[in-house]
1. Residue farthest toward the positive end of the dipole of segment 73-190, with Cβ of Lys/Arg at +1 and Asp/Glu at -1: which of GLY127, VAL81, THR183?
2. Would you mind computing, in nm to one decimal, how far apart the modelled labels at THR75 and ASP328 are, each placed 7 Å from Cα along Cα→Cβ?
3. Please state the charge dipole magnitude for the chain, taken about the Cα centre, from unit charges on C-beta atoms (+1 on K and R, -1 on D and E), reported in debye and rounded to the nearest 20.
4. Hey, what did segment 146-190 get for relative contact order, percent, Cα under 8 Å, at least 6 apart?
5. Pulled fully out, how much extra length does the chain show between VAL171 and THR34, if you take 0.36 nm times their separation in residues and subtract their Cα-Cα distance?
6. Say each of GLU221 and THR234 gets a label point 7 Å from the Cα, pointing the same way as Cα to Cβ; how far apart are those two points in nm?
7. Hey, any idea what % of the chain's accessible area is carbon plus sulfur with a 1.4 Å probe?
8. Any idea which of GLY331, LEU112, VAL208 is furthest toward the positive side of the dipole for the chain, if Lys and Arg beta-carbons carry +1 and Asp and Glu beta-carbons -1?
Amino acid sequence: MATASMPGIISGVDSATIAQLMALEAKQQTALKTKVTQHGTVVTALQKLNAKLATLATTAADLAKPAAWAPVKATSSNDKVTVAAANGASTGSTTFQVKNLAVAHSIQLSELSDALTDVVVPADADGKHLVTISGADGPVEVDAGDGSLGALVAALNRSSAGVTATTVSTVDGYRLRVTAKETGAESAFTLGSPSGPILGGADASRTVTGKDARLVVGGDEVVSATNTVTGLGTGLSVVLGSATPIDTDITVEVEGDAAAMTATIKSFVGQINAILDDIDAQATFNETTKLAGVLSREGSVRDLRSSLLGAIFPTDGTSMAAMGLQLDRYGNVVLDEKKFTDAYSADPVTVQAAFANEAGTGLIQRYEKVAKAASDSVDGNLTKAVEGRQATIKQLETSIAAWDVRLELREKTMTRQFTALDTFMNQWQNVGSWLSGQIASLPGYSTS
């Protein structure tokens with residue numbers, strides 16, 4: 001809000017005085033701006049809390065799936081073979097023998113080049129140095145630039161032929177080696193030039209034929225194009241290291257992992273308590289600072305806390321205490337990890353049903369409903385609270401804008417009035433000066 005300068009100061013009212021008067025006039029607008037800031041602070045806090053509830057809802061939805069309740073751990077009898085098992089993988093042991101590992105097809109030319117700048121690809125009638133790679137996906141033509149060994153290697157590595165090229169430096173020169181990027185029998189390819197043999201050699205190459213990994217399990221053969229084999233059981237994969245022994249019994253074992261299940265539930269409980277702590281920090285009165293939390297007047301937040309605590313209790317009036325879950329006197333969800341682990345190890349089916357079941361009444365599902373009811377992007381309670389505050393902010397900003405116009409007009413009026421007052425006073429001051437001059441010019445009279 002700009003303040004106009006006064007043309008004179010006869011009245012004793014200058015631009016600083018007008019600024020002070022305008023500050024008084026703007027008190028209502030200032031109060032509106034303060035309200036906007038306060039509402040904005042509440043909106044930010046609500047949005048952050050809403051995001052945490054949305055994350056909790058997603059976590060709960062994933063944890064309610066049957067596969068989440070079948071964590072497993074897998075071990076291998078041979079340290080050259082690693083094994084991984086996804087949740088829900090078939091439990092038990094599997095013994096197999098590796099007959100051969102997956103190998104990438106490669107070609108190493110036996111002829112040598114004295115230097116990387118030597119031309120090794122003959123030119124065709126058009127002067128181009130072309131190389132053709134033929135594999136399972138058909139032939140790919142590669143332009144080798146000037147035909148030198150260095151240019152050929154660079155062109156092959158840039159191409160879409162699915163190979164990598166390099167040179168081996170020997171005491172006698174450089175040898176070209178080309179290897180398929182993928183392993184397996186289908187990685188086989190041929191390398192040649194339509195204009196003549198590369199490096200001047202006729203069929204001058206040493207070839208390693210691409211092979212699939214081959215395992216025998218109980219008399220059945222399992223084949224894999226890579227050394228990561230997934231055909232040994234549901235959800236099970238093994239990775240064959242380069243030093244994996246051939247024709248040797250290797251046993252992998254998969255068993256349930258109660259410790260992993262406990263860790264998952266512990267993490268979920270941690271999410272719930274983090275939200276409860278957030279609510280307590282922002283929606284209650286702080287005895288130390290003697291200040292109410294920014295969300296202390298939000299009924300939806302108080303209701304949310306009650307819902308989060310109530311969700312721990314089954315709908316049939318029973319308790320989760322036997323499975324290690326209960327509330328403490330501070331209003332937090334407490335997990336007794338040992339009790340949960342023991343209960344899950346003894347009867348995983350019953351424990352799973354208490355947490356997630358087909359009827360949708362398990363603890364996980366109850367928390368999912370609470371979280372969705374709060375954070376749903378359309379009709380969530382917190383979402384509506386945010387939208388309500390934002391609507392109020394918009395109304396306040398409209399009022400503030402109207403005050404801007406009103407104050408501008410008031411300032412102009414005030415400046416005009418004081419300018420007129422100064423002009424009037426200046427005129428009378430001139431009249432007074434003239435009269436004083438006239439009086440002073442009158443002749444004096446003596447009484448003697």
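The values are calculated or read from the model by the stated rules, or taken from the named source; none is laboratory data. Note that the structure is a prediction, hence the values are computed from the model and not measured. Note that each Cβ is placed from the backbone with ideal geometry, even for glycine, and that neighbours are counted across all protein chains shown. In case anyone asks, the SASA skips ligands and DNA or RNA and just uses the protein heavy atoms, side chains included. Shrake-Rupley method; radii C 1.70, N 1.55, O 1.52, S 1.80 Å.
1. The residue sitting most towards the positive pole is VAL81.
2. 3.5 nm
3. It comes to approximately 2220 debye.
4. Working: 42 pairs, mean separation 11.7, N = 45.
Computed value for segment 146-190: 26 percent relative contact order.
5. Details: separation 137, 0.36 × 137 = 49.32 nm, distance 8.21 nm.
Extending this stretch completely gives an extra 41.1 nm.
6. A separation of 2.8 nm, rounded to one decimal place.
7. 53 percent
8. It is GLY331, whose Cα lies furthest towards the positive end.
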